[in-house]
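Below is one structure; the comments refer to it alone.
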Amino acid sequence: MRQSALFTKTRREAPADEVAKNAQLLIRAGYVHKEMAGVYSYLPLGLRVLKNIEQIIREEMNALGGQELVMTALQDKALWERTDRWDDEKVDSWFKIALKTGGETGLAITHEEPLTSIMTEHVSSYRDLPVMVYQFQTKFRNELRAKSGVMRGKEFLMKDLYSFARTDSEHQAQYDAAREAYKKIFKRLGIGERTYITFASGGVFSEFSEEFQTLSDAGEDTIFVDKEKKIAVNKEVMSDATLQKLGLTKEALVEKKVIEAGNIFHLGTRFSEALGLAYTDEQGKRHPVVMGSYGIGVTRMLGILAEVMSDEKGLAWPESVAPFKYHIVSLGQKGDEVSRAADALYADLTQKSIEVLYDDREARAGEKFADSDLIGIPYRIVVGKEALASGEYEVVARATGAVAKKTHGEIL
């Protein structure tokens with residue numbers, strides 16, 4: 001991508017009404033556009049990052065045996081009434097829509113109900129199980145506190161995985177495998193070392209659920225961390241009884257602010273019983289299917305990375321999700337020797353399918369360097385007169401500031 005052709009522009013200042021660091025940086029760097037509180041459009045750079053995050057998650061879900069599909073955003077009111085989750089007194093985050101033909105529908109807040117309904121047409125025998133199914137889908141939640149930028153939106157992209165098993169032990173094996181897959185995902189995203197498995201309330205389904213909480217001063221949650229055991233307890237379930245069950249001691253715990261990056265839940269048979277999802281065993285006896293639910297917010301992850309992988313100059317993406325690997329900054333003028341060398345390097349990198357953003361704009365060097373720091377691509381290649389004279393380009397690592405000298409061939 002030539003930066004002169006990129007329609008988005010950087011900004012020196014973020015909108016006055018945007019208080020979240022992640023949204024301020026993403027807006028200034030041209031990754032997102034704010035439509036209204038809690039609603040953002042994802043511009044070309046932002047979309048590239050989202051797709052890279054999505055692909056990492058997809059690869060680990062596929063390795064887990066997950067099968068991908070996409071369900072509808074519009075929801076059948078009758079289905080949700082059967083699980084007692086349509087009434088605003090029970091679930092207050094619905095966006096509900098009046099239909100011209102009469103009645104109403106809602107924009108999906110999650111997808112346990114519709115997928116369970118789908119599975120009733122495909123699961124009838126013990127031979128049909130176990131199964132894991134996932135999707136990437138836009139969710140809608142009528143949030144009252146849409147103040148954390150893209151980390152808490154009214155409209156957001158989410159990966160939700162659902163598991164279906166014959167027995168509790170079979171479900172537990174699926175659940176344990178999903179936990180390991182999540183650990184791999186966060187490691188690949190570059191936040192594995194700062195993300196803790198955190199025991200939290202299991203609600204009506206089980207004693208505990210498990211959250212994946214990422215350390216950040218911008219976090220809305222408080223956890224107590226055992227750094228040696230690499231696990232934590234959410235403040236909401238912190239008690240002597242909880243610590244005893246988990247084999248933790250107060251003395252080993254440190255209080256931290258965190259952002260929830262993902263969660264995994266035992267669902268039991270609540271949805272399968274309500275919606276008639278059952279299987280027949282080898283003896284011909286019917287049993288409700290045992291379910292689990294596993295979520296990661298994709299747009300939320302973009303915000304988390306912007307929060308924890310940035311500095312006073314701007315964003316600093318890990319290579320695994322960055323929109324481009326290299327940012328070529330040409331210090332030449334159009335048609336001169338420096339510009340031609342930058343053109344040649346860009347052409348060679350592009351021919352080798354290496355992702356590169358090429359700042360070929362007619363702009364001052366200081367402006368180009370400031371924009372490069374703000375956009376946060378992992379490696380900046382500076383093409384100037386010194387590079388032509390020495391035969392080596394200056395390659396600057398955005399995250400560390402480390403400088404390496406490399407020839408044209410070494411970069412390729």
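The values are calculated or read from the model by the stated rules, or taken from the named source; none is laboratory data. Owing to the predicted nature of the structure, the values given are computational and were not obtained by experimental measurement. Quick reminder, even Gly has a Cβ in these numbers, built from the backbone with ideal geometry, and neighbours come from all protein chains shown.
A few notes on this one:
- Tally, over the range 208-263, of residues that are over 12 Å from residue 197 (Cβ atoms) and β-branched (Val, Ile, Thr): 6
- Which numbered condition residue 169 misses (of (1) part of a strand (DSSP E or B); (2) of a type in the set (Gly, Ala, Ser); (3) free of Cβ contacts under 8 Å to residues at least 60 places away in the same chain): (1)
- Per-region count, the range 346-369, residues of a type in the set (Gly, Ala, Ser) and more than 23 Å from residue 336 (Cα to Cα): 1
- In the set (1) crowded, with 20+ Cβ neighbours inside 10 Å; (2) outside the structural domain of residue 20 (by TED's automatic domain parsing); (3) touching a strand residue (DSSP E or B) at 6+ places or on another chain (Cβ under 7 Å); (4) not acidic (Asp, Glu), residue 321 fails one condition alone, (3).
- Taking each residue of the range 198-222 that is closer than 14 Å to residue 175 by Cα and looking for partners that are at pLDDT below 90 and in a loop (DSSP other than H, G, I, E, B) with beta-carbon atoms closer than 6 Å, six or more apart or interchain, yields 208/202; 209/202.
- Verdict on residue 267 being surrounded by 14 or more Cβ atoms within 10 Å (Cβ to Cβ) and under 20 Å from residue 128 (Cα atoms): yes
- Meets criteria (touching a helix residue (DSSP H, G or I) at 6+ places or on another chain (Cβ under 9 Å), farther than 26 Å from residue 165 by Cβ, crowded, with 16+ Cβ neighbours inside 10 Å and not polar (S, T, N, Q)) for residue 253: yes
- Count - residues of the range 82-99 that are over 15 Å from residue 142 (Cα atoms), surrounded by 13 or more Cβ atoms within 10 Å (Cβ to Cβ) and not polar (S, T, N, Q): 1
- When the residues of the range 219-250 are filtered to those that are crowded, with 19+ Cβ neighbours inside 10 Å and among the small types (Gly, Ala, Ser), the one that is nearest to the chain's Cα centre (by Cα) is 219.
- Across the range 289-309, the number of residues qualifying as of a type in the set (S, T, N, Q) and either in a helix (DSSP H, G or I) or assigned by TED's automatic domain parsing to the domain that holds residue 376 (or both) comes to 1.
- The condition of being under 21 Å from residue 118 (Cβ atoms) and within 26 Å of the chain's Cα centre (by Cα) does not hold for residue 276.
- Filter pass, residue 111 being touching a strand residue (DSSP E or B) at 6+ places or on another chain (Cβ under 9 Å) and either buried (at least 17 other Cβ atoms within 10 Å of the Cβ) or of a type in the set (Val, Ile, Thr) (or both): yes
- Qualifying residue in the range 277-288 (condition: assigned to a helix (DSSP H, G or I), surrounded by 23 or more Cβ atoms within 10 Å (Cβ to Cβ) and in the same structural domain as residue 114 (by TED's automatic domain parsing)): no
- Of the strands (runs of 3 or more DSSP E) lying entirely inside the range 172-251, not one carries at least 3 residues that are modelled with pLDDT under 95 and over 29 Å from residue 320 (Cα atoms).
- Residues that are in contact (Cβ under 8 Å) with a residue 12 or more places away in the chain, outside any helix (DSSP H, G or I) and over 15 Å from residue 326 (Cβ atoms) do occur in the range 371-391, at least one of them.
- Exactly one residue among 12, 48 is under 18 Å from residue 314 (Cβ atoms) and loosely packed, with under 12 Cβ neighbours inside 10 Å, and that residue is 12.
- Of all residues making up the range 215-268, the number that are out of contact with any Gly (no Cβ under 7 Å at 6 or more places or on another chain), under 24 Å from residue 158 (Cα atoms) and among the polar types (S, T, N, Q): 3
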